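Student: Here you go, one structure.
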Number of protein chains: 2
Amino acid sequence: MLKVAVLVSGGGTNLQAIMDAIDNKTIRNAEIAGVISNNAGAYALERARAKGIEARCVSPKQYDNRELFNKALLEETQKLNPDLIVLAGFLVAIPPAMVEAFPYRIINIHPSLIPSFCGKGFYGLKVHEAALARGVKVTGATVHFVDEGTDTGKIILQKPVMVEEGDTPEILQRRVMEQAEWIILPKAIDMIANGELKLG
Amino acid sequence: MLKVAVLVSGGGTNLQAIMDAIDNKTIRNAEIAGVISNNAGAYALERARAKGIEARCVSPKQYDNRELFNKALLEETQKLNPDLIVLAGFLVAIPPAMVEAFPYRIINIHPSLIPSFCGKGFYGLKVHEAALARGVKVTGATVHFVDEGTDTGKIILQKPVMVEEGDTPEILQRRVMEQAEWIILPKAIDMIANGELKLG
């Protein structure tokens, strides 16, 4: 059984997709060991608790400096003893020590087809704003391993999504979630849990 | 009837796709006014002549310097009196004077999903080599207007193509042609010929 730690900053729709996929066996042989958010008000924490999953906040506000926060984040994650760490909309830079502690054991979902609209500054709605500003007709989402760079790690899965006439960043964000993120993130976890993808 | 000038450097499979689409009425209300290649040995020239289409070579080798070549290229293109110039695998930088002479009247096909793998240095097989090196799972092709930059013009159409296990740059190049380029380039010409896309 693959033990998964989910790190999330916001509403937790990707977390929900993972929980649903475990329930309906789209993800086989995996369970969520716990959920961590940097944001005490994240609805993702409620989603987890409603399912009886351990959920806690580790916020930079609780610590005097970034180093102490990074240390706490790593420690709280390690307490869950995860086989895999899933960044499911986690808007915090992953400390290098965590990347080092979990080589090829951290995956991230990014709401574009990397290498388009990724790297520093491209997160959340900004990704879709940039895609619409460039006038692309195809966007999508990417699941990738996390390395020391920003969105530079090995790509696991990508799924394209067509941009439509009249799309706003919000509408496009939702469509990319529904048509890509909620499908490929659970699929990547299932592949890893069942040895269909080499970790490293 | 939209008069189209096609500029091409190589084998001319995109030219063939355009000619076929005109024959089978996938492209309506357009005709090829002529084909120009920078390469005297381009098979594209033979394809055109076999259809009774005017085809000529304008090679940098025929001119003492780049300026004279650029001038000749513009003049030969203007002689065709085209409503639209289609770069169908034309591996020559379009002279600024030509962009100025044909605003929103020059379109290009690029074998990736712009803004991925585009700009200076990304042409032909190099695009697919770069895509495979980055490990993307989705690539595709883009039809865009040509402006003063390299692959920076307004996007008209894009179509995604999945990368498959075992793809080489050559195999991927062929699949992107078949599944994307030969479809969206004729479609863009048809849209322009029939007023379904504003030119500028």
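Student: Within the bounds of the range B:138-156, is there any residue that is of a type outside the set (D, E), within 30 Å of A:F145 (Cα to Cα) and more than 15 Å from the chain's Cα centre (by Cα)?
Tutor: yes
Student: For the subset of the range B:143-158 comprising residues that are within 12 Å of chain A (Cβ to nearest Cβ) and either open to solvent by 60 Å² or more (accessible area, probe 1.4 Å) or of a type in the set (S, T, Y) (or both), which member is farthest from B:P186 (Cα to Cα)?
Tutor: B:T152
Student: Among the residues of the range A:123-132, how many are more than 12 Å from every other protein chain (Cβ to nearest Cβ) and either surrounded by 16 or more Cβ atoms within 10 Å (Cβ to Cβ) or closer than 20 Å to A:L80 by Cβ (or both)?
Tutor: Count: 4.
Student: Also, quick follow-up: Out of the range B:93-116, which residues are more than 14 Å from chain A (Cβ to nearest Cβ), free of Cβ contacts under 8 Å to residues at least 40 places away in the same chain and open to solvent by 30 Å² or more (accessible area, probe 1.4 Å)?
Tutor: Result: B:A97, B:E100, B:A101.
Student: While we're on this one: Among the residues of the range A:1-46, which ones are among the charged types (D, E, K, R) and either closer than 20 Å to A:V146 by Cβ or assigned to a strand (DSSP E or B) (or both)?
Tutor: A:K3, A:E31
Student: Would you say A:E75 is assigned to a loop (DSSP other than H, G, I, E, B) and more than 18 Å from the chain's Cα centre (by Cα)?
Tutor: Taking the combined requirement at face value, the residue does not satisfy it.
Student: Also: Among B:G119, B:G135, B:G140, which is the only one that is small (G, A, S), closer than 19 Å to A:A130 by Cβ and surrounded by fewer than 22 Cβ atoms within 10 Å (Cβ to Cβ)?
Tutor: Within the list B:G119, B:G135, B:G140, the selection yields B:G119.
Student: Considering only the range A:160-180, state which residues are closer than 24 Å to B:I184 by Cβ, open to solvent by less than 70 Å² (accessible area, probe 1.4 Å) and over 15 Å from the mean Cα position of the chain (by Cα). Explain how you work it out, then say what you get.
Tutor: Quick first cut of the range A:160-180, residues closer than 24 Å to B:I184 by Cβ only: A:160-167, A:171-172, A:175-176, A:179-180.
Imposing the further condition that a residue be open to solvent by less than 70 Å² (accessible area, probe 1.4 Å) reduces the set to A:160-161, A:163, A:166-167, A:172, A:175-176, A:180.
Selection gives A:P160, A:V161, A:V163, A:G166, A:D167, A:L172, A:R175.
Student: Sticking with this structure for a sec: Applying the selection to the range A:23-46, what residues are out of contact with any strand residue (DSSP E or B) (no Cβ under 6 Å at 6 or more places or on another chain), closer than 15 Å to A:M191 by Cβ and buried (at least 21 other Cβ atoms within 10 Å of the Cβ)?
Tutor: Result: A:I27, single match.
Student: Just name the residue that is farthest from A:V146 (Cα to Cα) out of those in the range A:47-91 that are open to solvent by less than 10 Å² (accessible area, probe 1.4 Å) and of a type in the set (V, I, T).
Tutor: Among them, the one singled out is A:V58.
The values are calculated or read from the model by the stated rules, or taken from the named source; none is laboratory data. Keep in mind it's a predicted model, so treat the numbers as computed, not measured. A quick note on method: Cβ atoms are made from the backbone with ideal geometry, for glycine too, and the neighbour counts reach across all protein chains shown. We work out accessible area using only protein heavy atoms, side chains counted, and drop any ligands, DNA or RNA first. Shrake-Rupley method; radii C 1.70, N 1.55, O 1.52, S 1.80 Å.
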